[in-house]
Amino acid sequence: YIYRIGPDDRVNDDDVCRDPFFTKLVYTIDARYLIEQGFLTPPVIGAINTGAYDTSVLTMRTNGQFDAESVDAAFVGHGRKTSAIVADVVAQSQNREGVVFFAATIRHAEEVMASLPPHLSACITGKTDDRDKILKRFERKELKYLVNCQVLTTGWDCSHVDVIALLRRTESVGLLQQMIGRGLRLSPDKADCMVLDYAANLETHCPDGDLFRPIIKAKSAKGPGIPIEAECPDCGYINEFSLQPDFAEFPRDKHGYCLDVFGNQIMTEYGPQAAHYGRRCCGMVRTGSRGEYERCGFRWSGKPCLQCSEIVDIAARECAFCGAECVDPNSKLVADFVAAKKDPHIPSTEVVVSYDTKDSVSQKGNRTLRVDFVTSHKQFSVWLMPEPNNSRAANDWRKWQDANGDIRTISYVKDRDTNFYRILAYNMPEDNLPDHLMVRKEVAKLRKYG
């Protein structure tokens, strides 16, 4: 949803509404009302008399769209199945005037076309040059079957369309309703529009069969979970958040906090441990002289800003109130340490897991000793000169001989100019985080689980 509060004052929480553009929807007219008033044609869900596509193989990418390879696997190359589906659509459309197929890909659209009567059918894709000519023929009813791939989902109306055949899967509830909407325009002698779904769209988005009340979810990094109620301690709003599986067995208070065996809240370094993924209350409160809506500021998981002491989100890197940096100094030390270990151009001292030596010859014909090191963080090679011809090579060879094969740690750096690794020293103290940071995660675990 793009609004936080509905006309009935129902608040949309973060599961269905993420960073909405509007605070409140003042008035709305839904499709059902327009159908009842005679402004739209009623849709009917048709029976599927043949096998549907197996959409369980579809995988979602991080951008919320289906992976192209999984779409091909689900819809393309199923000649017999596609032929049977098209035959079912044709059979159910004998007394209908206009049939629009929605295909998954261009290849899939071509496969659908192969099973349709050619003199009554046409296909439109993004590569079709004479698109307008085909659409005009369809609008004049010279064609009965129109196959398309990602072209006619929005922005096109033909009033006599009375069959919508969904042979593709959509991730978007809005797009699903747009596709069905291609058949809801009024036309003389048109009683309804039949929707035939062979890709589990209605099963996914409208499981109760109500096309006008789909299930809408906002994209969530945590994924689906068991919903639990959590009353806001500040405004009293009853939030619904997804339960964290790690805390499913813990008793909870009415605010959604975990309790120990004595009925006390389990405390962490960030305050009481919430049993759900919710961070901030979704309740809306009236503020100011004009009674404007403002989201409740209570947070289940938060940390104080080091500058202004306001409570900010636990993952915030900048205070929303004063703009100060909110990175915990200890966390910054850990991050800097990890970054240093990833950057070979920063000198490091690490434990040597193993090393191998091999006699070699340089490009200039000089005798060299190649040493392949495996440390606790990296693998790399260095070349030493048993017969050095410059002071740097002599210094490197002297340090190697002084180690006398007893190499426990190695200090090294990658030269930015040559891109070769250099040995700085052997058997120096290993780089480590301070002791209080090394055990920090273990302490946090103990606090978290009581």
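Go through the residues of the range 57-79 one by one and say whether even a single one is touching a strand residue (DSSP E or B) at 6+ places or on another chain (Cβ under 9 Å), in a helix (DSSP H, G or I) and of a type in the set (A, V, I, L, M, F, W, C).
Yes: one or more hits.
Would you confirm whether any residue within the range 242-250 is closer than 15 Å to residue 298 by Cα and buried (at least 19 other Cβ atoms within 10 Å of the Cβ)? It would help to see each step written out before you state the result.
First, the residues of the range 242-250 that are closer than 15 Å to residue 298 by Cα: none.
No, there is no match, as no residue in the range 242-250 is closer than 15 Å to residue 298 by Cα and buried (at least 19 other Cβ atoms within 10 Å of the Cβ).
Run residue 7 past the list (1) touching a Ser or Thr at 6+ places or on another chain (Cβ under 8 Å); (2) assigned to a strand (DSSP E or B); (3) outside the structural domain of residue 180 (by TED's automatic domain parsing) and report the number of the one that doesn't hold.
(2)
Within the range 299-317, work out how many residues are in a loop (DSSP other than H, G, I, E, B), surrounded by 18 or more Cβ atoms within 10 Å (Cβ to Cβ) and in contact (Cβ under 8 Å) with a residue 24 or more places away in the chain.
Result for the range 299-317: 2.
Against the condition in contact with a Phe, Trp or Tyr (Cβ under 9 Å, 6 or more places away or on another chain) and either under 18 Å from residue 43 (Cα atoms) or not assigned by TED's automatic domain parsing to the domain that holds residue 75 (or both), how does residue 191 come out, does it pass?
no
For the condition surrounded by fewer than 13 Cβ atoms within 10 Å (Cβ to Cβ), farther than 27 Å from residue 157 by Cα and β-branched (Val, Ile, Thr), what is the one hit in 23, 62, 50?
Values: 23 fails: surrounded by fewer than 13 Cβ atoms within 10 Å (Cβ to Cβ); 50 fails: surrounded by fewer than 13 Cβ atoms within 10 Å (Cβ to Cβ).
Every option except 62 fails the conditions.
Find the residue count for the range 89-133, including only residues that are free of Cβ contacts under 8 Å to residues at least 24 places away in the same chain and of a type in the set (Asp, Glu).
Of the residues in that region, 4 qualify.
Considering only helices (runs of 4 or more DSSP H) fully contained in the range 357-450, which possess at least 3 residues that are modelled with pLDDT under 85 and surrounded by 11 or more Cβ atoms within 10 Å (Cβ to Cβ)?
The helices (runs of 4 or more DSSP H) meeting that bar are 440-448.
Among the β-branched types (Val, Ile, Thr) and either at positive phi or modelled with pLDDT under 95 (or both): which single residue out of 163, 173 fits that description?
173
Which count do you get for residues in the range 110-138 that are in contact with a strand residue (DSSP E or B) (Cβ under 9 Å, 6 or more places away or on another chain), of a type outside the set (Phe, Trp, Tyr) and outside any loop (DSSP other than H, G, I, E, B)?
13
The conditions are (1) surrounded by fewer than 18 Cβ atoms within 10 Å (Cβ to Cβ); (2) modelled with pLDDT of 90 or more; (3) charged (D, E, K, R), and residue 208 fails exactly one of them. Which is it?
(2)
Aliphatic (A, V, I, L, M), assigned by TED's automatic domain parsing to the domain that holds residue 143 and either closer than 14 Å to residue 168 by Cβ or loosely packed, with under 15 Cβ neighbours inside 10 Å (or both): is that true of residue 76 in this structure?
On the way: aliphatic (A, V, I, L, M): yes; assigned by TED's automatic domain parsing to the domain that holds residue 143: yes; either closer than 14 Å to residue 168 by Cβ or loosely packed, with under 15 Cβ neighbours inside 10 Å (or both): yes.
Here the answer is yes, as residue 76 does meet what is asked.
Go through (1) part of a loop (DSSP other than H, G, I, E, B); (2) at pLDDT 85 or above one by one and return the number of the condition residue 290 breaks.
Of the numbered conditions (1) part of a loop (DSSP other than H, G, I, E, B); (2) at pLDDT 85 or above, the odd one out for residue 290 is (2).
Which residue is nearest to residue 131 (Cα to Cα), if the candidates are limited to the range 148-173 and must be of a type in the set (A, V, I, L, M) and outside any loop (DSSP other than H, G, I, E, B)? Spell out the reasoning first.
The initial filter retains those residues of the range 148-173 that are of a type in the set (A, V, I, L, M), namely 151-152, 161, 163-167, 173.
Subset that is outside any loop (DSSP other than H, G, I, E, B): 161, 163-167, 173.
Details: 161: 17, 163: 20, 164: 19, 165: 20, 166: 21, 167: 21, 173: 27 Å.
Applying the filter and picking the extreme gives 161.
Could you please let me know if residue 53 is without any contact (Cβ under 8 Å) to a residue 24 or more places away in the chain and either assigned to a helix (DSSP H, G or I) or assigned by TED's automatic domain parsing to the domain that holds residue 150 (or both)?
On the way: without any contact (Cβ under 8 Å) to a residue 24 or more places away in the chain: no; either assigned to a helix (DSSP H, G or I) or assigned by TED's automatic domain parsing to the domain that holds residue 150 (or both): yes.
In short, no.
Within the range 33-81, restricting attention to residues that are among the small types (Gly, Ala, Ser) and under 18 Å from residue 206 (Cβ atoms), which residue is nearest to the chain's Cα centre (by Cα)? Steps first, answer last, please.
Just the residues of the range 33-81 that are among the small types (Gly, Ala, Ser), to begin with: 38, 46-47, 51-52, 56, 64, 68, 70, 73-74, 77, 79.
Now restrict to residues that are under 18 Å from residue 206 (Cβ atoms): 46-47, 52.
On the way: 46: 33, 47: 34, 52: 27 Å.
So, considering only residues that are among the small types (Gly, Ala, Ser) and under 18 Å from residue 206 (Cβ atoms), the one nearest to the chain's Cα centre (by Cα) is 52.
Select from the range 412-426 the residues that are more than 20 Å from residue 401 (Cα to Cα) and touching a strand residue (DSSP E or B) at 6+ places or on another chain (Cβ under 9 Å) and list them in ascending order.
Here is the first cut: in the range 412-426, the residues more than 20 Å from residue 401 (Cα to Cα) are 414-420.
Those that are more than 20 Å from residue 401 (Cα to Cα) and touching a strand residue (DSSP E or B) at 6+ places or on another chain (Cβ under 9 Å): 414, 415, 420.
Looking only at the range 86-109, filter to residues that are outside any loop (DSSP other than H, G, I, E, B) and touching a helix residue (DSSP H, G or I) at 6+ places or on another chain (Cβ under 8 Å); which one of those is surrounded by the most Cβ atoms within 10 Å (Cβ to Cβ)?
102
Any idea which of (1) at pLDDT below 95; (2) more than 22 Å from residue 175 (Cβ to Cβ) is the one residue 142 doesn't satisfy?
Condition not satisfied by residue 142: (1).
The values are calculated or read from the model by the stated rules, or taken from the named source; none is laboratory data. All of these numbers come straight from a predicted model, not from anything done at the bench. Neighbour counts are summed over all protein chains in view; Cβ atoms, including those assigned to glycine, are modelled from backbone coordinates with ideal geometry.
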